[in-house]
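Trainee: This is the structure I have questions about; it appears just below.
Read-outs: derived from the displayed coordinates by stated rules, not from any lab. The shown structure was predicted, so the numbers you read here are calculated from the model rather than taken from an experiment. Cβ coordinates were reconstructed from backbone atoms using ideal geometry, including for glycine residues, and neighbour counts include every protein chain displayed.
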Amino acid sequence: MGRPTLLLDGYAVGSWKLTRDKGAVSLVIEMLKPLSKRDLEAFAD
């Protein structure tokens, strides 16, 4: 089974996973390449 994929305009730009530590859950995002400011802002919306 592969890792969950992060898509931008239909293209894979990264992957993500959840980590757990002492009752806390964190979302870890690993980008395949640096994104432009415009693309980063698209994820914030």
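Trainee: Please name whichever of V13, L35, G2 sits farthest to the positive end of the charge dipole of the chain, dipole taken about the Cα centre and charges placed at Cβ: Lys and Arg +1, Asp and Glu -1.
Mentor: About the Cα centre, the residue reaching furthest to the positive side is G2.
Trainee: With contacts defined as alpha carbon pairs under 8 Å and 6 or more residues apart, what's the relative contact order of the chain in percent?
Mentor: Values: 47 pairs, mean separation 11.9, N = 45.
Averaging sequence separation for qualifying contacts and normalising by length gives 27 percent for the chain.
Trainee: Given the rule -39500 (n - 2.57) for each run of at least 4 DSSP H residues, summed and divided by the residues of the chain, what is its mean residue ellipticity at 222 nm, to the nearest 500 deg cm²/dmol? Provide the component values of the computation, followed by the final result.
Mentor: Numbers: 1 runs with 8 residues, N = 45.
About -5000 deg cm²/dmol.
Trainee: Something else: Treating only the Cβ of Lys, Arg, Asp and Glu as charged (+1, +1, -1, -1), what charge dipole size does the chain show about its Cα centre? Round to the nearest 20 debye. Present the calculation step by step, with values, prior to reporting the outcome.
Mentor: Numbers: 7 positive and 6 negative charges, 46 e Å.
Rounded to the nearest 20 debye, it is 220 debye.
Trainee: Around L18, under 15 Å between beta carbons, what's the net of Lys plus Arg minus Asp minus Glu among the other residues? Before the final figure, lay out the partial values.
Mentor: Values: positive: R3, K17, R20, K22; negative: D21, E30.
After counting each charged neighbour, the total is +2.
Trainee: Still on this structure: In whole Hz, what ³J(HN,Hα) sequence does the range 3-9 give by Karplus (6.51, -1.76, 1.60; θ = phi - 60°), x for Gly and Pro?
Mentor: Values per residue, Gly and Pro as x: 7, x, 9, 9, 10, 9, 6 Hz.
Trainee: Also, I was wondering about something else. For a Förster distance of 25 Å, can you work out the FRET efficiency between the beta-carbons of W16 and K37, rounded to the nearest 0.05? Intermediate values should be presented prior to the final figure.
Mentor: Working: r = 21 Å, r/R0 = 0.82.
The pair W16/K37 has a calculated efficiency of 0.75.
Trainee: Taking the chain, which trypsin sites (Lys or Arg not before Pro) meet the DSSP loop condition and have no more than 16 other C-beta atoms within 10 Å? Let's see the in-between values first.
Mentor: Numbers: sites: K17, R20, K22, K37, R38; in loops: K22.
Qualifying residues, ordered by number: K22.
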